[in-house]
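The structure appears right after this line, and notes come after that.
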Amino acid sequence: MKKVHKLALAGLAAACAFAAPFALAAPGGGGGSMGGGGTPSANEDPQVAYQAGVAALNAQNYREAIRQFRTARRAAPNNSTINFALGRAYVGNNEDGEAQEAFERSVGDEAAPAGAWLELGRLHLRAGRRDQAASIQSTLARKVAACDAACGDARRAQLTAAHTQLTQAIDAPAAPAAADPATTGWNFPSVEEGRASYAEAVGLINQERFVEAFAALERTQEAVGPHADILNYMGFTSRKLGRFDAALGYYREALRLDPNHLGATEYLGELYIQMGQLDRARTQLARLDELCAYGCTQREELARWIERAE
């Protein structure tokens, strides 16, 4: 597999208010086509809505946070970051049933924030469902035990903190300690921090430090919300770590946000080849033929992959 080209990061230095979409530099060889036909309207832009939701949640304006996060979720219904943030807004608004549904969607992603498991367990406790809370406690224990080198030290620490806090809540249900988002790896980084973590991720990918790169991309998404470039590289790093099912989900989510994204279209084709699905890879090549009327590096690279696989 080719190495990712060094990215031009000039675009990351551009000023960006929280209400404006987060502009990422187009990655060399695997980049996006920002502003293409798949870009949502201003009223439905998931990044705008996500960042407005974060601002409302921080201001404890839970109804507005819910409204904004639901708008973001329409574009990315199974995004674990959005669903966790939405669940927190519902908890703040005392809508535990809706919060449970959002947290359950969040933990459907293997890479969901550790705090999503913790908050789901705490909801079960609050409703008197101790057995279900204990089941989540066991799930977290298994996740900690299974967190190997590809999982990474930071992720292991987050899962451990979530398990510890849920255990404390189960052991002392009369006065459960408030969950600490920082120790479970969940907070809302600023957009500026998102730019920095994206630049860090690019450097780590070029160094083939994929575990750390994925963690940096997660921080970027927590800061700015769903973005096709971020999801594309989450798919790429997942592929490099052998997590093909996760990679498939990230590429599909990137293409849901931007159907014209050249990088995700190419990389999805490469993933299909790795999964032994050559016909689907050819479909991706045909799509690149449509998108690249005058040729492009993504089309040529996928064509080489297909030629080698035939």
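Among the conditions (1) part of a helix (DSSP H, G or I); (2) small (G, A, S); (3) surrounded by fewer than 21 Cβ atoms within 10 Å (Cβ to Cβ), the only one that A99 does not satisfy is (3). The set of residues in the range 139-164 being in contact with a helix residue (DSSP H, G or I) (Cβ under 8 Å, 6 or more places away or on another chain), aliphatic (A, V, I, L, M) and in a helix (DSSP H, G or I) consists of L140, A141, V144, A154, L159, A161, A162. Would you check if A116 is in a helix (DSSP H, G or I), under 22 Å from the mean Cα position of the chain (by Cα) and either buried (at least 23 other Cβ atoms within 10 Å of the Cβ) or small (G, A, S) (or both)? Answer is yes for this residue.
Criterion applied to N83, N78 was being closer than 19 Å to E253 by Cβ, touching a Lys or Arg at 6+ places or on another chain (Cβ under 8 Å) and either modelled with pLDDT of 95 or more or assigned to a helix (DSSP H, G or I) (or both), and the one residue passing it is N83. A count restricted to the range 265-300 and to residues that are of a type in the set (F, W, Y) and part of a helix (DSSP H, G or I) stands at 2. Annotation note: of E200, E192, E208, E253, the sole residue that is closer than 30 Å to A293 by Cα and charged (D, E, K, R) is E253.
The values are calculated or read from the model by the stated rules, or taken from the named source; none is laboratory data. Quick caveat: nothing in here was measured; it's all calculated off a predicted structure. Here Cβ is always computed from backbone atoms with ideal geometry, including for glycine, and neighbour counts include all displayed protein chains.
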